[in-house]
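A.B. asks: Sharing a structure here in structure tokens format.
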There are 2 protein chains.
Amino acid sequence: MGGGVVKLMLGNRDKYERILGAPLQLAAVADLRVKLVAALGVPAKLITRDAAAVVTRPDIDVVVELFGGYEPARALIMKALAAGKDVVTANKALLAEHGGEIFREAAKRGLAVGFEASVGGGMPIVRTLREALAGDRQRAVYGIVNGTCNSILTTMTEDGVEFSAALADAQAKGLAEANPALDVEGHDSAHKLCLLVALAFGVLVKPAQIYTEGITRITQADIGYARELGYAIKLLAIGKDDDGTIEARVHPTMIPQRHLLAGVGGAFNAIYIHGDALGATMYSGLGAGEMPTATAVVADILEIARHRLAEGSARAHAFGFPIDLMKGARVKPMDDVVCEYYLRFMARDKPGVLGAIATVLGSYGISIASVIQKGRGTAQTVPIIMRTHDAPERSLKRALAEIRRKKIVHSAPAFIRIEEKL
Amino acid sequence: MGGGVVKLMLGNRDKYERILGAPLQLAAVADLRVKLVAALGVPAKLITRDAAAVVTRPDIDVVVELFGGYEPARALIMKALAAGKDVVTANKALLAEHGGEIFREAAKRGLAVGFEASVGGGMPIVRTLREALAGDRQRAVYGIVNGTCNSILTTMTEDGVEFSAALADAQAKGLAEANPALDVEGHDSAHKLCLLVALAFGVLVKPAQIYTEGITRITQADIGYARELGYAIKLLAIGKDDDGTIEARVHPTMIPQRHLLAGVGGAFNAIYIHGDALGATMYSGLGAGEMPTATAVVADILEIARHRLAEGSARAHAFGFPIDLMKGARVKPMDDVVCEYYLRFMARDKPGVLGAIATVLGSYGISIASVIQKGRGTAQTVPIIMRTHDAPERSLKRALAEIRRKKIVHSAPAFIRIEEKL
């Protein structure tokens with residue numbers, strides 16, 4: 001994940017400077033794998049093996065902890081806070097277990113600990129609960145928060161293989177660790193649930209308080225019977241506020257196949273939040289991966305930089321960019337937009353009509369992907385339905401006008417744009 | 001929508017004071033419908049018909065504009081900014097058309113114009129694009145941003161009725177205005193797309209630059225043929241950054257039925273964002289309605305209040321609540337959690353087994369919703385699958401232990417919790 005952060009910091013330097021009005025500089029990278037870091041384009045003089053020295057360096061404002069695990073991560077973060085640094089971390093295990101201590105220390109010193117990357121990867125859920133939904137009272141937060149388990153369950157469901165084969169497949173694809181226990185036993189989900197519960201309900205929960213059951217005992221038989229009953233099996237982290245008592249549990253759960261969560265496959269995460277006033281909202285995205293998670297780390301760094309730079313207000317720009325630097329957009333003419341089309345022609349049902357239409361379309365470079373022709377053999381007006389391959393709107397409009405002009409069809413053809421690759 | 005804001009301000013007063021460390025006071029409500037406002041519990045002395053006087057009152061910090069339309073909303077907002085007030089508005093038509101002027105004035109004066117409520121109702125998308133995704137470069141933003149059109153298309157698809165009947169139905173349910181043109185002709189979606197494009201790509205677009213086509217010409221026939229071809233028809237607002245040229249268009253679109261957007265029905269909104277590093281993320285929730293939209297207005301008010309109150313940093317609390325006031329959670333014992341269960345027993349296929357299992361379950365107050373029994377008539381061990389009605393986990397565990405103790409079944413029964421009502 002550190003690699004992703006470095007890539008973004010180097011690759012999007014201009015964008016960040018535009019947002020902040022000042023450059024954002026990578027001051028040091030502490031890693032034992034010096035060559036790996038150098039290969040990312042980090043100058044040798046910025047690379048060190050001595051993390052403890054970096055976190056107290058006077059010229060550094062923000063410390064990003066991406067070691068994972070409890071120690072030395074905890075000690076380094078506490079040391080950084082004591083030295084007046086803001087901190088960004090993706091370490092959910094640490095925050096779930098020692099968050100109270102860390103956040104209290106930061107609050108006491110007026111420092112930030114950004115942790116957007118610790119739940120949902122790059123999918124923004126921390127800020128959403130903390131700020132965007134602050135006006136409401138949350139009643140429930142639940143969802144798929146471990147991409148490894150979701151990949152394994154998806155493979156089991158789609159390929160009909162047992163857990164051990166699906167796990168091996170996930171390991172081969174880099175979606176599961178060599179030691180997968182933290183994921184498949186549900187502990188990673190429980191760590192994330194601790195943070196979600198704190199954000200949603202304003203109370204602190206420790207992992208030991210969360211009933212945690214993983215997916216290792218799910219069988220093909222159960223997946224099959226679940227399907228027969230109309231359900232899908234997902235590993236859910238579930239938090240509810242039951243009038244002050246918190247329900248917090250992680251376990252395989254059968255949910256109706258029509259539920260949006262049932263359609264969230266592979267390494268995707270998806271979280272539902274239920275609020276008194278807002279009702280249900282849903283958030284979905286890739287919950288892991290070097291680059292997705294790095295975007296969340298950088299979002300936290302940018303917010304901290306904004307506050308560090310602020311003399312007056314540390315508020316974000318209305319559109320995220322300084323309004324005075326925003327230009328009018330160059331908008332593509334609709335005629336240049338390229339997509340597939342659904343076409344409906346109403347024509348007398350006689351031989352040659354389909355051919356005549358196809359010929360005109362072809363002369364404008366529009367090729368046909370599929371045709372539905374109904375009622376062949378009668379003498380009535382019948383619909384001819386076509387799906388085309390990609391074509392610019394200009395060509396389509398000209399072709400349809402010619403088809404109409406030549407009176408091949410009765411009324412104006414209907415067309416609807418298809419977005420196949422959204 | 002004003003009613004919703006008033007309800008939240010009065011109903012969640014304690015939560016907001018806890019977040020801010022200071023009370024948030026409703027200072028005045030300007031509305032011609034004085035009795036309606038009074039009925040919400042607003043003291044008579046706070047109600048006025050004179051909006052122009054309110055927006056310059058020295059004791060007021062934040063002006064919330066919920067009139068809609070261009071005037072007098074524009075003039076009142078400019079007057080409020082000139083008087084040093086921060087502003088919150090849900091007025092997408094105004095911001096799409098005159099946003100440049102309004103945001104420049106606010107930036108010049110160091111004031112905020114909050115507009116989270118203007119896109120996606122209470123579903124947080126403004127902050128998400130502006131802050132949470134700031135580390136990434138966005139390539140596309142698209143989705144269903146008008147709940148009225150989505151309701152109408154859902155009704156047409158599910159009930160097989162034509163547009164005019166579905167519109168009348170939506171009007172009867174309060175989901176469409178008496179004059180529905182702004183919604184069904186796509187203009188409301190285009191206004192929202194202007195704001196999404198500005199947030200995603202950092203450029204300004206006017207509604208006149210957006211190709212806009214509504215849903216009035218969609219027929220049952222087209223919906224039927226779309227289904228045959230494997231597609232659903234949705235009104236999409238689509239914004240893409242094609243290397244500096246912006247694609248911005250609103251029109252009925254056929255999308256594959258397997259796409260998550262195809263499953264977003266009724267008054268729900270859903271927005272996809274594609275980023276270089278993050279890939280696709282999706283956000284869904286109720287895009288309209290008094291209370292959902294009010295939560296977004298209040299989130300903006302809270303953020304402004306935080307900045308107004310800040311002496312040092314205006315940063316939000318790590319979990320949204322002051323860490324020192326956060327208590328340890330009272331967590332419900334798993335034994336007290338109530339849900340439905342999927343049960344799988346492996347038993348010799350002989351008469352009476354099913355009855356014996358059901359009897360034990362019944363003695364613990366667990367009733368059976370459905371049963372699948374396979375292989376009747378053979379002498380092998382066969383699975384008996386059951387779905388139960390709601391029961392506490394304590395009862396289930398005791399019943400399963402008794403079934404095992406009485407040797408009614410061969411091996412330990414498997415069970416998976418069902419969440420039917422998530």
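A.B. asks: Within region A:54-86, which residues are touching a residue at least 24 places away in the same chain (Cβ under 8 Å), among the small types (Gly, Ala, Ser) and buried (at least 19 other Cβ atoms within 10 Å of the Cβ)?
C.D. replies: A:Ala80
A.B. asks: I'd like to know if region B:167-186 contains one or more residues that are of a type in the set (Val, Ile, Thr), within 14 Å of chain A (Cβ to nearest Cβ) and out of contact with any Asp or Glu (no Cβ under 7 Å at 6 or more places or on another chain).
C.D. replies: no
A.B. asks: Given the conditions (1) hydrophobic (A, V, I, L, M, F, W, C); (2) in a helix (DSSP H, G or I); (3) at pLDDT 95 or above, and given that B:Ile102 satisfies all but one, which numbered condition is not satisfied?
C.D. replies: For B:Ile102, the exception is condition (3).
A.B. asks: Something else now. For region A:116-153, enumerate the residues that are surrounded by 24 or more Cβ atoms within 10 Å (Cβ to Cβ), within 12 Å of another protein chain (Cβ to nearest Cβ) and among the polar types (S, T, N, Q).
C.D. replies: A:Ser118, A:Thr128
A.B. asks: Of the residues that make up region B:215-223, is at least one within 24 Å of the chain's Cα centre (by Cα) and modelled with pLDDT of 95 or more?
C.D. replies: For region B:215-223, residues within 24 Å of the chain's Cα centre (by Cα) and modelled with pLDDT of 95 or more: present.
A.B. asks: Please work out if A:Leu36 is closer than 25 Å to A:Leu196 by Cβ, part of a helix (DSSP H, G or I) and of a type in the set (A, V, I, L, M).
C.D. replies: Answer is no for this residue.
A.B. asks: Just one of B:Val250, B:Val298 is buried (at least 24 other Cβ atoms within 10 Å of the Cβ) and more than 20 Å from A:Val338 (Cβ to Cβ); which is it?
C.D. replies: B:Val298
A.B. asks: Against the definition (more than 18 Å from A:Ala288 (Cβ to Cβ) and modelled with pLDDT of 95 or more), how does A:Leu133 come out, yes or no?
C.D. replies: no
A.B. asks: Could you please find all residues in region A:223-258 being more than 7 Å from chain B (Cβ to nearest Cβ), of a type in the set (D, E, K, R) and outside any strand (DSSP E or B)?
C.D. replies: A:Arg227, A:Asp243, A:Arg258
A.B. asks: Take B:Glu213 and tell me if it is free of Cβ contacts under 8 Å to residues at least 24 places away in the same chain and closer than 22 Å to A:Ile416 by Cβ.
C.D. replies: No; evaluated as a whole, the condition is false for this residue.
A.B. asks: Separate question: Report every pair of residues separated by at least 6 positions or lying on different chains whose Cβ atoms are under 8 Å apart, first residue within region A:18-36 and free of Cβ contacts under 8 Å to residues at least 24 places away in the same chain, second β-branched (Val, Ile, Thr) and in a loop (DSSP other than H, G, I, E, B).
C.D. replies: A:Leu26/A:Val42
A.B. asks: Just a yes or no: is a residue in region B:201-222 in a helix (DSSP H, G or I), more than 9 Å from chain A (Cβ to nearest Cβ) and more than 17 Å from A:Arg330 (Cβ to Cβ)?
C.D. replies: yes
A.B. asks: Now for a different question. May I ask you to verify whether B:Gly121 is closer than 11 Å to B:Lys192 by Cα, outside any strand (DSSP E or B) and in contact (Cβ under 8 Å) with a residue 40 or more places away in the chain?
C.D. replies: yes
A.B. asks: Can you tell me how many residues within region A:3-25 are out of contact with any helix residue (DSSP H, G or I) (no Cβ under 6 Å at 6 or more places or on another chain) and more than 14 Å from chain B (Cβ to nearest Cβ)?
C.D. replies: Looking only at that region, the number is 1.
A.B. asks: From the list B:Gly355, B:Gly362, which residue is more than 17 Å from A:Ala221 (Cβ to Cβ) and either in contact with a Lys or Arg (Cβ under 7 Å, 6 or more places away or on another chain) or surrounded by fewer than 12 Cβ atoms within 10 Å (Cβ to Cβ) (or both)?
C.D. replies: Unique residue meeting the criteria: B:Gly355.
A.B. asks: Looking at region B:71-90, is at least one residue at pLDDT 95 or above, in contact with a Phe, Trp or Tyr (Cβ under 6 Å, 6 or more places away or on another chain) and hydroxyl-bearing (Ser, Thr, Tyr)?
C.D. replies: Taking every residue of region B:71-90 in turn, at least one turns out to be at pLDDT 95 or above, in contact with a Phe, Trp or Tyr (Cβ under 6 Å, 6 or more places away or on another chain) and hydroxyl-bearing (Ser, Thr, Tyr).
A.B. asks: Can you report the number of residues in region B:385-422 which are assigned to a loop (DSSP other than H, G, I, E, B) and either surrounded by 15 or more Cβ atoms within 10 Å (Cβ to Cβ) or touching a residue at least 40 places away in the same chain (Cβ under 8 Å) (or both)?
C.D. replies: 11
A.B. asks: What residue, of B:Gly263, B:Gly275, is within 13 Å of B:Ala200 (Cα to Cα) and small (Gly, Ala, Ser)?
C.D. replies: After ruling out the rest, the residue left standing is B:Gly275.
A.B. asks: Here's another thing I want to ask about it. Residue under question is B:Gly41, and the condition is that it be touching a residue at least 60 places away in the same chain (Cβ under 8 Å), of a type outside the set (Val, Ile, Thr) and on the phi > 0 side of the Ramachandran plot; does it hold?
C.D. replies: So B:Gly41 fails the test.
A.B. asks: Would you point out the residue of region B:259-289, among those that are more than 17 Å from A:Arg258 (Cβ to Cβ), in a loop (DSSP other than H, G, I, E, B) and at the interface with chain A (Cβ under 7 Å from one of its Cβ atoms), that is farthest from the chain's Cα centre (by Cα)?
C.D. replies: B:Ala277
A.B. asks: Now, a different point. Taking region B:16-25 as the search range and keeping residues that are among the aliphatic types (A, V, I, L, M) and within 20 Å of B:Thr295 (Cβ to Cβ), which one is modelled with the highest pLDDT?
C.D. replies: Going through the qualifying residues, I end up with B:Leu24.
A.B. asks: Among the numbered criteria (1) more than 14 Å from chain B (Cβ to nearest Cβ); (2) over 23 Å from A:Ala248 (Cα atoms); (3) of a type in the set (Ser, Thr, Tyr), which one does A:Thr157 miss?
C.D. replies: The single condition A:Thr157 does not satisfy is (1).
A.B. asks: Only one residue in B:Gly239, B:Gly224, B:Gly230 is within 27 Å of A:Ala270 (Cα to Cα) and either surrounded by fewer than 19 Cβ atoms within 10 Å (Cβ to Cβ) or free of Cβ contacts under 8 Å to residues at least 24 places away in the same chain (or both), so which one is that?
C.D. replies: One residue alone meets the criteria, B:Gly230.
A.B. asks: Let me ask something else. Scan region A:265-286 residue by residue and report those that are in contact with a Pro (Cβ under 9 Å, 6 or more places away or on another chain) and among the polar types (S, T, N, Q).
C.D. replies: A:Thr281, the sole residue that qualifies.
A.B. asks: Report yes if A:Ala165 is out of contact with any Gly (no Cβ under 6 Å at 6 or more places or on another chain), of a type in the set (Gly, Ala, Ser) and surrounded by fewer than 23 Cβ atoms within 10 Å (Cβ to Cβ), otherwise no.
C.D. replies: yes
A.B. asks: Of the residues B:Ala38, B:Ala51, B:Ala28, which single one is away from chain A (no Cβ under 14 Å), more than 26 Å from B:Leu309 (Cα to Cα) and either modelled with pLDDT of 95 or more or surrounded by 14 or more Cβ atoms within 10 Å (Cβ to Cβ) (or both)?
C.D. replies: Step by step, each of B:Ala38, B:Ala51, B:Ala28 is checked, and only B:Ala38 is away from chain A (no Cβ under 14 Å), more than 26 Å from B:Leu309 (Cα to Cα) and either modelled with pLDDT of 95 or more or surrounded by 14 or more Cβ atoms within 10 Å (Cβ to Cβ) (or both).
The values are calculated or read from the model by the stated rules, or taken from the named source; none is laboratory data. Just so we're clear, the structure is a prediction, and the values are computed from it rather than from any experiment. So basically every Cβ, Gly included, is an ideal-geometry build from the backbone, and we count neighbours across all protein chains shown.
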